[in-house]
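I have placed the structure first, in the form of structure tokens, so that the comments after it can refer back to it.
The values are calculated or read from the model by the stated rules, or taken from the named source; none is laboratory data. Please read these numbers as outputs of a predicted model, since none were measured by experiment. Neighbour counts run over all protein chains shown; Cβ positions are idealised from the backbone, glycine included.
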């Protein structure tokens, strides 16, 4: 990190690799193609019998083969999130041009900063089922270790033999936004040179689904029309649709990336987070702190409000969240909020919990690259309290160079990232 007058100059941080395993596409380009075309990955739950549940739809990943990434023995000792994360990380590394064998020194230069809100609840629920049905002999010796969220980053580090930091950020639905922000800061302030970062969650289980139903935050009105169930900002929205997936980035210090001829997808410019300190599951209806997170992220990146050409919204499809996020955008941008196109890709993939921020960042990077903004599908009836430009139903061409990526979580947490296209 260079210095002038004794003060450190932050280094530039770029995205050189992207990997995705998503309900509407396996592979980064497949995900983006489906997303820009408004294709939904939401369907009736197929991984278990959902007939006893109030909500029977979800954004599940289909035709994914975990055995391509882990041995049968390893698959028995962990949950679904692990092979999802490894698959996305592997693609990200390959797209960054980092497939060659690494020396020990190179392995020590790589770290993993991963965001996850739920870890491996499928594995944990199965272990409890064995315990309470008196099948103790079938329980895994990894019952404790594989049930901790921290296992996820360790699994990636072990799989690729990365010897640098291996950290999990778990802040609910802002987990992967915060993980990317943490990784961004480690690199720009000289504590790391390159990191795999992003988010993964796979929490579509009977116990989790029932828990969200009790909270009355999950959609129950469209079990017979799954693709229409997630409808952010639409007046008829009745709750989010649970999703799953992994969205991974390779972040590098720019000079190092350029020296090896790496592809550069985008540059990270700013990051910030705040807390409403209001309620564990309800947003402060004023929208003050989400607005402040956005403003601070722009300030951190040295970006003026009129430079923002697209906002990747959190947009969960819950009544309060969408209304409050709309208000927060207005508080941050004032009258200009009406001029900025913005959208929620959760209308197509559901809400992948802690991975949702990384999903929005990946979509925003591709949107800037292709100069094409993805839609918010299922937008049929405008809500007077949600009156901004959500790019309804069909994507649009737009020459945006800077995007703001917004995220909101249980526990009153708010996070935002700013990314810029690199031509």
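Just a few scattered comments:
- Under the condition of being at pLDDT 90 or above and not in a helix (DSSP H, G or I), the residues counted in segment 90-119 number 13.
- Single residue of 118, 164, 150, 97 found to be under 19 Å from residue 247 (Cβ atoms) and touching a strand residue (DSSP E or B) at 6+ places or on another chain (Cβ under 9 Å): 118
Matching residues to (1) crowded, with 16+ Cβ neighbours inside 10 Å; (2) in contact (Cβ under 8 Å) with a residue 40 or more places away in the chain:
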residue: 48; (1), (2): no, yes
residue: 53; (1), (2): yes, yes
residue: 56; (1), (2): yes, yes
residue: 62; (1), (2): no, no
residue: 80; (1), (2): yes, yes
residue: 84; (1), (2): yes, yes
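- Every listed requirement among (1) surrounded by 16 or more Cβ atoms within 10 Å (Cβ to Cβ); (2) touching a strand residue (DSSP E or B) at 6+ places or on another chain (Cβ under 6 Å); (3) at negative phi is met by residue 397 save one, (1).
- Restricting segment 120-150 to residues that are assigned to a loop (DSSP other than H, G, I, E, B) and touching a helix residue (DSSP H, G or I) at 6+ places or on another chain (Cβ under 7 Å), the residue that is farthest from residue 260 (Cα to Cα): 139
- Taken together, the residues in segment 366-380 that are more than 19 Å from residue 326 (Cα to Cα), touching a helix residue (DSSP H, G or I) at 6+ places or on another chain (Cβ under 9 Å) and crowded, with 24+ Cβ neighbours inside 10 Å amount to 1.
- Selection status of residue 333, buried (at least 22 other Cβ atoms within 10 Å of the Cβ), modelled with pLDDT of 95 or more and farther than 20 Å from residue 237 by Cβ: yes
- When each of 186, 195 is tested for being more than 17 Å from the chain's Cα centre (by Cα), touching a residue at least 40 places away in the same chain (Cβ under 8 Å) and closer than 20 Å to residue 153 by Cα, the lone residue that passes is 186.
- Among the criteria (1) at pLDDT below 95; (2) not assigned by TED's automatic domain parsing to the domain that holds residue 318, the one residue 227 does not fulfil is (1).
- Only one entry of 48, 64 meets the criterion of being in contact with a strand residue (DSSP E or B) (Cβ under 7 Å, 6 or more places away or on another chain), part of a loop (DSSP other than H, G, I, E, B) and over 13 Å from residue 242 (Cα atoms), and that entry is 64.
- Hits in segment 320-374 - residues which are in a helix (DSSP H, G or I), on the phi > 0 side of the Ramachandran plot and touching a strand residue (DSSP E or B) at 6+ places or on another chain (Cβ under 7 Å): 353
- Any chance residue 75 is in contact with a helix residue (DSSP H, G or I) (Cβ under 9 Å, 6 or more places away or on another chain), modelled with pLDDT under 95 and not assigned by TED's automatic domain parsing to the domain that holds residue 394: yes
- Restricting segment 107-149 to residues that are under 27 Å from residue 181 (Cβ atoms) and exposed (fewer than 15 other Cβ atoms within 10 Å of the Cβ) leaves a set whose member that is nearest to the chain's Cα centre (by Cα) is 148.
Yes/no matrix, rows are residues, columns are (1) under 30 Å from residue 277 (Cβ atoms); (2) under 22 Å from the mean Cα position of the chain (by Cα); (3) surrounded by fewer than 20 Cβ atoms within 10 Å (Cβ to Cβ):
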residue	(1), (2), (3)
318	yes, yes, no
323	yes, yes, yes
329	yes, yes, no
353	yes, yes, no
358	yes, yes, no
382	no, no, yes
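Residue-by-condition table, conditions (1) touching a strand residue (DSSP E or B) at 6+ places or on another chain (Cβ under 6 Å); (2) farther than 23 Å from residue 419 by Cα; (3) outside the structural domain of residue 21 (by TED's automatic domain parsing):
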position	(1), (2), (3)
91	yes, no, no
126	no, yes, no
157	yes, yes, no
175	yes, no, no
187	yes, no, no
